[in-house]
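To keep things clear, I will list the structure first and then write my remarks on it.
The values are calculated or read from the model by the stated rules, or taken from the named source; none is laboratory data. A quick note: this is a predicted structure, and the numbers were derived from the prediction, not measured. Here the Cβ positions follow ideal geometry from the backbone for every residue, glycine too, while neighbour counts run over all protein chains shown. Please note that ligands, DNA and RNA were not included when accessible areas were found on the heavy atoms of the full protein model with its side chains. Shrake-Rupley method; radii C 1.70, N 1.55, O 1.52, S 1.80 Å.
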Amino acid sequence: MLKAKLRSTQARLGVIGLGYVGLPLSVEFARAGFDVTGIDTDAGKVDRLKAGESYIRDVPSEWLREVIEQGRFRATTDFSVLSEIDSVDICVPTPLRKTKDPDISFVSAAVDEIVKYLHEQMLVILDSTTYPGTTDEVILPRLEQTGLPVGEDFYLAFSPERVDPGNPEWTTKNIPKVVGGVTSNCTEHAVVLYEQTLGPVVPVSSTKVAESVKLLENTFRSVNIGLVNEIALMSDRMGIDVWEVIDAAATKPFGFMRFYPGPGLGGHCIPIDPFYLSWKARETGFEARFIELAGQVNTSMPHYVVSKVIDALNEQLKPVRKSKILMLGVAYKENIDDVRESPALDIMKFLEEKGALVSYSDPHVASLAEAGLDMRSRELTPEYLKGQDCIVITAAHTAYDYQAIVDSGVPIVDTRNALRDFEADNITKL
Ligand SMILES: NC(=O)c1ccc[n+]([C@@H]2O[C@H](COP(=O)([O-])OP(=O)(O)OC[C@H]3O[C@@H](n4cnc5c(N)ncnc54)[C@H](O)[C@@H]3O)[C@@H](O)[C@H]2O)c1
(Lines give C-alpha, C1' and ligand atoms only; values in the text may rest on other atoms or scores of the structure.)
Protein backbone atom coordinates (compact mmCIF):
# COMPACT_ATOMS: atom_id res chain seq x y z
CA MET A 1 0.00 0.00 0.00
CA LEU A 2 2.74 2.46 0.99
CA LYS A 3 4.89 1.24 -1.89
CA ALA A 4 2.15 2.12 -4.37
CA LYS A 5 1.81 5.58 -2.85
CA LEU A 6 5.56 6.10 -3.09
CA ARG A 7 5.67 4.87 -6.67
CA SER A 8 2.87 7.19 -7.75
CA THR A 9 4.41 10.14 -5.80
CA GLN A 10 1.13 10.35 -3.88
CA ALA A 11 2.92 9.73 -0.55
CA ARG A 12 3.28 12.71 1.81
CA LEU A 13 6.92 13.16 2.74
CA GLY A 14 8.59 14.75 5.74
CA VAL A 15 12.20 15.88 6.12
CA ILE A 16 13.57 16.60 9.60
CA GLY A 17 16.49 19.06 9.57
CA LEU A 18 16.57 21.62 6.77
CA GLY A 19 20.28 22.32 6.40
CA TYR A 20 22.86 21.59 3.70
CA VAL A 21 21.41 18.08 3.31
CA GLY A 22 17.73 18.32 4.24
CA LEU A 23 16.76 21.41 2.25
CA PRO A 24 18.11 20.23 -1.13
CA LEU A 25 16.53 16.81 -0.51
CA SER A 26 13.15 18.39 0.35
CA VAL A 27 13.17 20.55 -2.75
CA GLU A 28 14.15 17.60 -5.00
CA PHE A 29 11.31 15.52 -3.54
CA ALA A 30 8.87 18.39 -4.17
CA ARG A 31 10.17 18.96 -7.71
CA ALA A 32 9.60 15.24 -8.37
CA GLY A 33 5.92 15.77 -7.51
CA PHE A 34 5.73 14.73 -3.85
CA ASP A 35 3.95 16.73 -1.15
CA VAL A 36 6.76 17.65 1.27
CA THR A 37 6.80 19.11 4.77
CA GLY A 38 10.16 20.18 6.14
CA ILE A 39 10.56 20.32 9.91
CA ASP A 40 13.33 22.23 11.67
CA THR A 41 13.75 23.33 15.28
CA ASP A 42 15.34 26.60 14.09
CA ALA A 43 12.37 28.98 13.82
CA GLY A 44 14.53 31.55 12.03
CA LYS A 45 15.28 29.11 9.20
CA VAL A 46 11.63 28.08 8.97
CA ASP A 47 10.56 31.74 8.70
CA ARG A 48 13.06 32.35 5.89
CA LEU A 49 11.80 29.29 4.02
CA LYS A 50 8.19 30.37 4.48
CA ALA A 51 9.18 33.67 2.88
CA GLY A 52 10.63 31.72 -0.07
CA GLU A 53 14.22 32.58 0.85
CA SER A 54 16.81 29.85 0.49
CA TYR A 55 19.90 30.02 2.72
CA ILE A 56 21.59 27.11 0.92
CA ARG A 57 23.54 28.10 -2.20
CA ASP A 58 22.78 24.88 -4.06
CA VAL A 59 19.04 25.55 -3.73
CA PRO A 60 18.07 28.64 -5.75
CA SER A 61 15.28 30.65 -4.08
CA GLU A 62 13.31 30.42 -7.37
CA TRP A 63 13.13 26.63 -7.00
CA LEU A 64 11.94 27.03 -3.44
CA ARG A 65 9.30 29.62 -4.33
CA GLU A 66 8.12 27.46 -7.23
CA VAL A 67 7.43 24.42 -5.04
CA ILE A 68 5.85 26.58 -2.34
CA GLU A 69 3.53 28.21 -4.89
CA GLN A 70 2.61 24.78 -6.30
CA GLY A 71 1.67 23.78 -2.73
CA ARG A 72 4.28 21.01 -2.75
CA PHE A 73 6.55 22.31 0.03
CA ARG A 74 6.02 23.93 3.41
CA ALA A 75 8.30 24.37 6.42
CA THR A 76 7.32 24.14 10.07
CA THR A 77 8.68 23.72 13.59
CA ASP A 78 5.66 21.59 14.54
CA PHE A 79 6.41 17.85 14.67
CA SER A 80 2.73 16.88 15.01
CA VAL A 81 2.54 17.00 11.19
CA LEU A 82 4.32 13.63 11.32
CA SER A 83 0.99 11.97 12.11
CA GLU A 84 -0.02 12.75 8.50
CA ILE A 85 3.34 11.86 6.93
CA ASP A 86 3.97 8.59 5.03
CA SER A 87 7.76 8.75 4.85
CA VAL A 88 10.26 10.81 6.81
CA ASP A 89 13.98 11.45 6.21
CA ILE A 90 16.13 12.48 9.19
CA CYS A 91 18.85 14.97 8.13
CA VAL A 92 20.02 16.45 11.45
CA PRO A 93 23.65 17.16 12.46
CA THR A 94 25.94 14.43 13.80
CA PRO A 95 28.91 16.31 15.28
CA LEU A 96 31.66 15.13 17.62
CA ARG A 97 31.83 15.93 21.29
CA LYS A 98 34.98 17.72 22.55
CA THR A 99 36.32 14.27 23.45
CA LYS A 100 35.94 13.23 19.75
CA ASP A 101 33.12 10.83 20.67
CA PRO A 102 30.02 10.81 18.42
CA ASP A 103 27.22 13.14 19.46
CA ILE A 104 24.00 11.59 18.19
CA SER A 105 21.79 13.70 20.48
CA PHE A 106 20.22 15.48 17.47
CA VAL A 107 19.29 12.12 15.92
CA SER A 108 17.89 10.95 19.27
CA ALA A 109 15.81 14.13 19.62
CA ALA A 110 14.37 13.64 16.12
CA VAL A 111 13.58 9.98 16.85
CA ASP A 112 11.85 10.98 20.12
CA GLU A 113 9.48 13.11 18.03
CA ILE A 114 8.91 10.37 15.44
CA VAL A 115 8.05 7.86 18.19
CA LYS A 116 5.17 10.12 19.28
CA TYR A 117 3.61 10.03 15.80
CA LEU A 118 4.75 6.69 14.34
CA HIS A 119 1.81 5.02 12.63
CA GLU A 120 1.08 2.04 10.41
CA GLN A 121 2.57 2.13 6.92
CA MET A 122 5.20 4.75 7.73
CA LEU A 123 8.74 4.73 6.34
CA VAL A 124 11.57 6.22 8.43
CA ILE A 125 14.99 6.84 6.86
CA LEU A 126 18.10 8.17 8.58
CA ASP A 127 20.32 10.16 6.17
CA SER A 128 22.66 11.71 8.77
CA THR A 129 26.17 10.26 8.78
CA THR A 130 26.70 8.00 11.78
CA TYR A 131 28.52 4.95 13.10
CA PRO A 132 27.53 1.41 12.03
CA GLY A 133 24.78 0.15 14.30
CA THR A 134 22.97 3.43 14.96
CA THR A 135 19.88 2.48 12.94
CA ASP A 136 19.57 -1.09 14.22
CA GLU A 137 20.78 -0.62 17.79
CA VAL A 138 19.62 2.89 18.70
CA ILE A 139 16.66 3.82 16.48
CA LEU A 140 14.94 0.49 15.88
CA PRO A 141 14.38 -0.45 19.58
CA ARG A 142 12.79 2.94 20.21
CA LEU A 143 10.42 2.71 17.27
CA GLU A 144 9.53 -0.88 18.19
CA GLN A 145 8.49 0.32 21.66
CA THR A 146 5.33 1.56 19.96
CA GLY A 147 4.34 -2.10 19.44
CA LEU A 148 4.43 -1.81 15.63
CA PRO A 149 6.53 -4.57 13.99
CA VAL A 150 9.29 -3.40 11.63
CA GLY A 151 9.10 -4.57 8.03
CA GLU A 152 5.35 -5.06 8.29
CA ASP A 153 3.66 -2.06 9.89
CA PHE A 154 6.52 0.40 9.58
CA TYR A 155 9.78 0.44 7.63
CA LEU A 156 13.22 1.66 8.71
CA ALA A 157 16.31 2.24 6.58
CA PHE A 158 19.61 4.10 6.48
CA SER A 159 20.62 6.01 3.36
CA PRO A 160 23.74 8.16 3.56
CA GLU A 161 23.72 11.62 2.02
CA ARG A 162 26.77 12.14 -0.21
CA VAL A 163 26.16 15.71 -1.38
CA ASP A 164 29.19 17.87 -2.10
CA PRO A 165 28.05 21.49 -1.52
CA GLY A 166 29.13 23.83 -4.31
CA ASN A 167 29.64 21.01 -6.84
CA PRO A 168 27.47 21.88 -9.86
CA GLU A 169 28.08 18.55 -11.62
CA TRP A 170 27.18 16.13 -8.83
CA THR A 171 24.15 17.16 -6.79
CA THR A 172 21.55 15.65 -4.47
CA LYS A 173 19.61 14.72 -7.61
CA ASN A 174 22.20 12.71 -9.53
CA ILE A 175 24.58 11.31 -6.90
CA PRO A 176 23.81 7.57 -6.59
CA LYS A 177 21.82 6.90 -3.39
CA VAL A 178 22.89 3.91 -1.27
CA VAL A 179 20.07 2.33 0.75
CA GLY A 180 20.14 -0.37 3.43
CA GLY A 181 16.99 -1.39 5.32
CA VAL A 182 16.47 -3.26 8.58
CA THR A 183 14.58 -5.89 6.53
CA SER A 184 14.47 -6.47 2.79
CA ASN A 185 10.96 -5.03 2.76
CA CYS A 186 12.32 -1.85 4.41
CA THR A 187 15.05 -1.60 1.74
CA GLU A 188 12.50 -2.06 -1.04
CA HIS A 189 10.30 0.76 0.29
CA ALA A 190 13.22 3.18 0.54
CA VAL A 191 14.43 2.20 -2.95
CA VAL A 192 10.99 2.92 -4.41
CA LEU A 193 10.92 6.34 -2.72
CA TYR A 194 14.30 7.43 -4.04
CA GLU A 195 13.77 5.94 -7.49
CA GLN A 196 11.00 8.49 -8.06
CA THR A 197 13.31 11.38 -7.23
CA LEU A 198 17.03 10.69 -7.28
CA GLY A 199 19.18 8.25 -8.98
CA PRO A 200 20.54 5.77 -9.50
CA VAL A 201 19.65 3.90 -6.30
CA VAL A 202 22.09 1.31 -4.89
CA PRO A 203 20.49 -1.16 -2.45
CA VAL A 204 22.79 -2.93 0.04
CA SER A 205 22.12 -5.83 2.39
CA SER A 206 21.82 -4.03 5.73
CA THR A 207 21.74 -0.70 7.55
CA LYS A 208 25.25 -1.37 8.90
CA VAL A 209 26.65 -1.75 5.39
CA ALA A 210 24.95 1.49 4.31
CA GLU A 211 26.27 3.30 7.40
CA SER A 212 29.78 1.95 6.72
CA VAL A 213 29.72 3.00 3.05
CA LYS A 214 29.62 6.68 3.96
CA LEU A 215 32.33 6.28 6.58
CA LEU A 216 34.60 4.41 4.15
CA GLU A 217 34.15 7.19 1.58
CA ASN A 218 35.05 9.96 3.98
CA THR A 219 37.82 8.01 5.68
CA PHE A 220 39.29 7.39 2.21
CA ARG A 221 39.37 11.14 1.66
CA SER A 222 40.74 11.96 5.09
CA VAL A 223 43.53 9.37 4.85
CA ASN A 224 44.54 10.39 1.32
CA ILE A 225 44.52 14.07 2.23
CA GLY A 226 46.61 13.16 5.29
CA LEU A 227 49.06 11.29 3.04
CA VAL A 228 49.41 14.15 0.58
CA ASN A 229 49.76 16.65 3.44
CA GLU A 230 52.62 14.56 4.80
CA ILE A 231 54.19 14.44 1.32
CA ALA A 232 53.84 18.26 1.20
CA LEU A 233 55.66 18.63 4.54
CA MET A 234 58.45 16.30 3.32
CA SER A 235 58.72 18.01 -0.07
CA ASP A 236 59.06 21.39 1.60
CA ARG A 237 62.08 20.14 3.56
CA MET A 238 63.60 18.76 0.35
CA GLY A 239 62.87 21.89 -1.71
CA ILE A 240 60.50 20.05 -4.08
CA ASP A 241 57.29 21.62 -5.45
CA VAL A 242 54.66 19.11 -4.30
CA TRP A 243 52.00 20.65 -6.58
CA GLU A 244 54.10 19.96 -9.65
CA VAL A 245 54.73 16.41 -8.43
CA ILE A 246 50.99 15.78 -8.02
CA ASP A 247 50.11 17.21 -11.44
CA ALA A 248 52.73 15.06 -13.14
CA ALA A 249 51.73 11.93 -11.16
CA ALA A 250 48.13 12.51 -12.20
CA THR A 251 49.07 11.99 -15.85
CA LYS A 252 49.23 8.26 -15.04
CA PRO A 253 45.98 6.98 -16.56
CA PHE A 254 45.42 4.30 -13.90
CA GLY A 255 46.26 3.51 -10.29
CA PHE A 256 46.62 7.11 -9.08
CA MET A 257 44.02 9.57 -7.87
CA ARG A 258 44.95 13.16 -7.19
CA PHE A 259 44.49 14.68 -3.74
CA TYR A 260 45.86 18.08 -2.79
CA PRO A 261 47.53 19.32 0.37
CA GLY A 262 45.96 22.26 2.16
CA PRO A 263 45.65 24.19 5.41
CA GLY A 264 43.70 21.37 7.11
CA LEU A 265 40.34 19.65 6.89
CA GLY A 266 37.03 21.48 7.13
CA GLY A 267 33.27 21.07 6.83
CA HIS A 268 30.80 18.88 8.65
CA CYS A 269 32.03 15.60 7.12
CA ILE A 270 35.67 14.74 6.53
CA PRO A 271 37.16 16.05 9.82
CA ILE A 272 34.38 14.30 11.77
CA ASP A 273 33.06 11.13 10.14
CA PRO A 274 36.22 8.95 10.37
CA PHE A 275 36.12 9.37 14.14
CA TYR A 276 32.60 7.90 14.18
CA LEU A 277 34.14 4.78 12.67
CA SER A 278 37.24 4.62 14.92
CA TRP A 279 35.04 5.20 17.99
CA LYS A 280 32.80 2.25 17.08
CA ALA A 281 35.81 0.06 16.20
CA ARG A 282 37.31 0.81 19.63
CA GLU A 283 34.24 -0.82 21.21
CA THR A 284 35.46 -4.09 19.70
CA GLY A 285 39.03 -3.49 20.88
CA PHE A 286 40.20 -2.45 17.42
CA GLU A 287 42.49 0.58 17.02
CA ALA A 288 41.90 2.30 13.65
CA ARG A 289 45.48 3.49 13.13
CA PHE A 290 45.14 5.04 9.65
CA ILE A 291 42.26 7.19 10.86
CA GLU A 292 44.13 8.42 13.93
CA LEU A 293 47.34 9.09 11.97
CA ALA A 294 45.54 10.99 9.20
CA GLY A 295 43.75 12.99 11.91
CA GLN A 296 47.07 13.92 13.51
CA VAL A 297 48.69 15.01 10.23
CA ASN A 298 45.62 16.92 9.07
CA THR A 299 45.11 18.75 12.37
CA SER A 300 48.79 19.77 12.36
CA MET A 301 48.39 21.67 9.09
CA PRO A 302 47.04 24.96 10.54
CA HIS A 303 50.16 25.11 12.77
CA TYR A 304 52.32 24.52 9.71
CA VAL A 305 50.61 27.40 7.89
CA VAL A 306 51.28 29.63 10.93
CA SER A 307 54.96 28.67 10.74
CA LYS A 308 54.97 29.72 7.06
CA VAL A 309 53.45 33.09 8.05
CA ILE A 310 56.12 33.53 10.75
CA ASP A 311 58.83 32.77 8.14
CA ALA A 312 57.33 35.29 5.70
CA LEU A 313 57.27 37.96 8.42
CA ASN A 314 60.78 37.03 9.52
CA GLU A 315 62.05 37.75 6.00
CA GLN A 316 60.76 41.30 6.51
CA LEU A 317 62.33 41.53 10.00
CA LYS A 318 58.84 41.68 11.52
CA PRO A 319 57.50 39.89 14.61
CA VAL A 320 54.03 38.35 14.53
CA ARG A 321 52.91 40.68 17.32
CA LYS A 322 51.09 43.69 15.81
CA SER A 323 51.63 42.43 12.25
CA LYS A 324 48.57 42.77 10.03
CA ILE A 325 47.57 39.41 8.58
CA LEU A 326 44.79 39.16 6.00
CA MET A 327 43.11 35.79 5.51
CA LEU A 328 41.64 35.23 2.06
CA GLY A 329 38.84 32.71 2.38
CA VAL A 330 37.40 31.59 5.70
CA ALA A 331 35.07 29.01 4.13
CA TYR A 332 36.56 25.54 4.35
CA LYS A 333 36.92 25.25 0.58
CA GLU A 334 36.57 27.32 -2.57
CA ASN A 335 33.32 28.92 -3.76
CA ILE A 336 31.16 27.92 -0.77
CA ASP A 337 29.98 29.74 2.36
CA ASP A 338 30.37 26.96 4.96
CA VAL A 339 32.79 27.84 7.80
CA ARG A 340 32.15 24.77 9.96
CA GLU A 341 35.44 23.24 11.16
CA SER A 342 37.23 25.57 8.73
CA PRO A 343 41.02 25.43 9.23
CA ALA A 344 41.16 29.17 8.46
CA LEU A 345 39.47 29.80 11.82
CA ASP A 346 42.17 27.81 13.63
CA ILE A 347 44.92 29.69 11.80
CA MET A 348 43.30 33.01 12.75
CA LYS A 349 43.04 31.93 16.37
CA PHE A 350 46.68 30.80 16.56
CA LEU A 351 47.89 34.04 14.94
CA GLU A 352 45.78 36.16 17.29
CA GLU A 353 47.16 34.26 20.27
CA LYS A 354 50.59 35.42 19.09
CA GLY A 355 49.40 39.03 19.00
CA ALA A 356 48.78 39.40 15.23
CA LEU A 357 46.10 41.80 13.99
CA VAL A 358 44.01 39.47 11.86
CA SER A 359 41.28 40.35 9.37
CA TYR A 360 39.63 38.40 6.57
CA SER A 361 38.01 38.83 3.21
CA ASP A 362 35.60 36.26 1.82
CA PRO A 363 32.98 37.03 -0.85
CA HIS A 364 30.81 34.17 0.45
CA VAL A 365 31.04 34.84 4.21
CA ALA A 366 29.94 38.38 5.13
CA SER A 367 30.45 37.87 8.86
CA LEU A 368 31.80 35.28 11.25
CA ALA A 369 28.93 35.62 13.70
CA GLU A 370 27.95 31.98 13.02
CA ALA A 371 31.41 30.92 14.20
CA GLY A 372 31.04 33.05 17.35
CA LEU A 373 33.45 35.77 16.15
CA ASP A 374 32.69 39.46 15.92
CA MET A 375 34.32 39.99 12.52
CA ARG A 376 33.13 41.10 9.12
CA SER A 377 34.61 40.48 5.68
CA ARG A 378 36.82 43.34 4.46
CA GLU A 379 36.68 44.84 1.00
CA LEU A 380 39.78 44.06 -1.05
CA THR A 381 40.78 47.57 -2.14
CA PRO A 382 44.38 48.07 -3.36
CA GLU A 383 44.96 50.28 -0.26
CA TYR A 384 43.72 47.59 2.11
CA LEU A 385 45.89 44.94 0.46
CA LYS A 386 48.98 47.16 0.53
CA GLY A 387 48.46 47.90 4.24
CA GLN A 388 48.97 44.22 5.20
CA ASP A 389 52.14 42.54 6.41
CA CYS A 390 51.14 39.10 5.16
CA ILE A 391 48.27 37.59 3.15
CA VAL A 392 47.23 33.96 3.62
CA ILE A 393 45.13 32.27 0.93
CA THR A 394 43.06 29.60 2.67
CA ALA A 395 40.18 29.17 0.19
CA ALA A 396 40.81 29.67 -3.52
CA HIS A 397 37.52 31.40 -4.40
CA THR A 398 37.27 32.17 -8.10
CA ALA A 399 35.84 35.62 -7.27
CA TYR A 400 39.20 36.99 -6.09
CA ASP A 401 41.25 39.29 -8.30
CA TYR A 402 44.49 37.34 -7.91
CA GLN A 403 46.44 39.73 -10.13
CA ALA A 404 45.66 42.62 -7.76
CA ILE A 405 46.54 40.45 -4.76
CA VAL A 406 49.95 39.56 -6.22
CA ASP A 407 50.54 43.14 -7.42
CA SER A 408 50.13 44.40 -3.84
CA GLY A 409 53.70 43.17 -3.27
CA VAL A 410 52.70 41.91 0.19
CA PRO A 411 54.15 38.46 1.11
CA ILE A 412 51.55 35.80 0.37
CA VAL A 413 51.31 32.32 1.89
CA ASP A 414 49.31 30.36 -0.69
CA THR A 415 47.98 27.15 0.88
CA ARG A 416 45.85 26.21 -2.16
CA ASN A 417 48.16 26.78 -5.11
CA ALA A 418 45.71 29.48 -6.19
CA LEU A 419 48.61 31.48 -7.65
CA ARG A 420 49.93 28.63 -9.80
CA ASP A 421 49.94 30.88 -12.88
CA PHE A 422 51.92 33.67 -11.25
CA GLU A 423 55.69 34.07 -11.01
CA ALA A 424 56.44 36.55 -8.23
CA ASP A 425 58.91 36.81 -5.35
CA ASN A 426 56.22 37.55 -2.78
CA ILE A 427 54.53 34.10 -3.09
CA THR A 428 55.27 31.20 -0.71
CA LYS A 429 53.51 27.94 -1.52
CA LEU A 430 52.41 25.50 1.15
N1 LIG B 1 27.07 19.32 4.78
C2 LIG B 1 27.45 18.35 3.98
O3 LIG B 1 28.15 18.58 3.00
C4 LIG B 1 27.03 16.91 4.23
C5 LIG B 1 27.21 15.98 3.20
C6 LIG B 1 26.82 14.68 3.40
C7 LIG B 1 26.31 14.30 4.64
N8 LIG B 1 26.17 15.21 5.64
C9 LIG B 1 25.58 14.74 6.90
O10 LIG B 1 24.22 15.12 6.92
C11 LIG B 1 23.81 15.45 8.24
C12 LIG B 1 23.26 16.87 8.28
O13 LIG B 1 24.29 17.76 7.93
P14 LIG B 1 24.00 19.23 7.41
O15 LIG B 1 25.29 19.71 6.84
O16 LIG B 1 22.78 19.29 6.58
O17 LIG B 1 23.73 19.97 8.80
P18 LIG B 1 23.10 21.42 8.99
O19 LIG B 1 23.57 21.92 10.30
O20 LIG B 1 23.32 22.26 7.77
O21 LIG B 1 21.54 21.16 9.06
C22 LIG B 1 20.93 20.44 10.07
C23 LIG B 1 19.58 21.07 10.40
O24 LIG B 1 18.95 20.29 11.38
C25 LIG B 1 18.27 21.14 12.29
N26 LIG B 1 18.02 20.38 13.51
C27 LIG B 1 18.87 20.09 14.52
N28 LIG B 1 18.27 19.30 15.42
C29 LIG B 1 17.00 19.10 14.98
C30 LIG B 1 15.89 18.37 15.46
N31 LIG B 1 15.97 17.64 16.58
N32 LIG B 1 14.76 18.40 14.76
C33 LIG B 1 14.66 19.11 13.61
N34 LIG B 1 15.69 19.82 13.10
C35 LIG B 1 16.84 19.80 13.77
C36 LIG B 1 19.19 22.33 12.42
O37 LIG B 1 18.49 23.47 12.87
C38 LIG B 1 19.70 22.48 10.98
O39 LIG B 1 18.88 23.34 10.22
C40 LIG B 1 25.04 15.24 9.12
O41 LIG B 1 25.01 13.94 9.63
C42 LIG B 1 26.20 15.36 8.14
O43 LIG B 1 27.33 14.64 8.56
C44 LIG B 1 26.49 16.51 5.44
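Near the amide H of Val124, within less than 5 Å, lie the amide hydrogens of Val88, Tyr155, Leu156, Ala157, all on another chain or at least 5 residues away, with H placed in the peptide plane.
Using the Karplus relation 6.51 cos²θ - 1.76 cosθ + 1.60 with θ = phi - 60°, the per-residue 3J(HN,Hα) values for segment 18-34 come to 10, x, 4, 9, x, 5, x, 5, 4, 5, 5, 4, 5, 5, 7, x, 7 Hz, with x marking Gly and Pro. Amide H contacts for Ile175 (H built 1.01 Å from N in the peptide plane; partners 5 or more residues away or on another chain; cut-off under 5 Å): Gly199. The accessible-area ordering, largest first, of the residues His364, His397 stands as His364, His397, per a 1.4 angstrom probe.
Probing with 1.4 Å while keeping every protein chain in the model, the per residue accessible area of segment 269-335 equals 51 Å². Think of the chain as a dipole: +1 on every Lys or Arg Cβ, -1 on every Asp or Glu Cβ, centred on the Cα centre; then among Pro141, Gly33, Gly295, Gly295 lies furthest on the positive end.
Taken over segment 1-126, lysine pairs spaced eight or more positions apart, or on distinct chains, with alpha carbons under 26 Å apart number 4.
Solvent-accessible area of segment 49-98 (1.4 angstrom probe, protein heavy atoms only): carbon and sulfur portion equals 46 percent. Placing unit charges on the Cβ atoms of the charged side chains and taking the dipole of segment 37-135 about its Cα centre, the candidate lying farthest along the positive direction among Phe79, Ile56, Val67 is Ile56. For the residues Met122, Met1, a 1.4 Å probe over the protein chains yields an accessible-area ranking, largest first, of Met1, Met122. Excluding Asp425 itself, what net charge comes from residues whose Cβ is under 15 Å from its Cβ, given Lys and Arg +1 and Asp and Glu -1? Net local charge, Asp425 excluded: -4.
Once you order the gyration tensor axes a ≥ b ≥ c over the Cα atoms, which shape class does segment 52-125 get: rounded for a/c under 1.5, otherwise prolate or oblate by comparing a/b with b/c? Since a/c reaches 1.5 but b/c is at least a/b, the shape of segment 52-125 is classed as oblate.
State the antiparallel share, in %, of DSSP beta bridges confined to the chain, rounding to the nearest 5. In the chain, DSSP labels about 10 percent of beta bridges as antiparallel. A 1.4 Å probe, protein heavy atoms only, puts the accessible area of Trp170 near 120 Å².
Phi angles across segment 9-15 convert, under the Karplus curve 6.51 cos²θ - 1.76 cosθ + 1.60 with θ = phi - 60°, into 3J(HN,Hα) values of 6, 8, 5, 8, 9, x, 10 Hz, Gly and Pro given as x. For Met327, the residues 5 or more places off, or on other chains, whose built amide H falls under 5 Å of its own are Ser359, Tyr360, Ser361, Val392. Can you list the GluC sites (Glu not before Pro) in segment 111-163 that are in a DSSP coil and have 13 or fewer other beta carbons within 10 angstrom? Hits after loop and neighbour filter: Glu120, Glu152. Using heavy atoms of the protein chains and a probe of 1.4 Å, the accessible area assigned to Val204 is about 40 Å².
Each of Arg420 and Phe254 was given a label point 7 Å from its Cα along the Cα-to-Cβ line. The distance between the two points is 2.5 nm.
Only protein atoms count toward the accessible area here, which uses a 1.4 Å probe; on segment 217-370, the carbon and sulfur part of that area reaches 57 percent.
Computed with a 1.4 Å probe over protein heavy atoms only, the accessible area of Arg97 comes to about 120 Å². Think of a 1.4 Å ball rolled over the protein heavy atoms: segment 158-236 then has 40 Å² of accessible area per residue.
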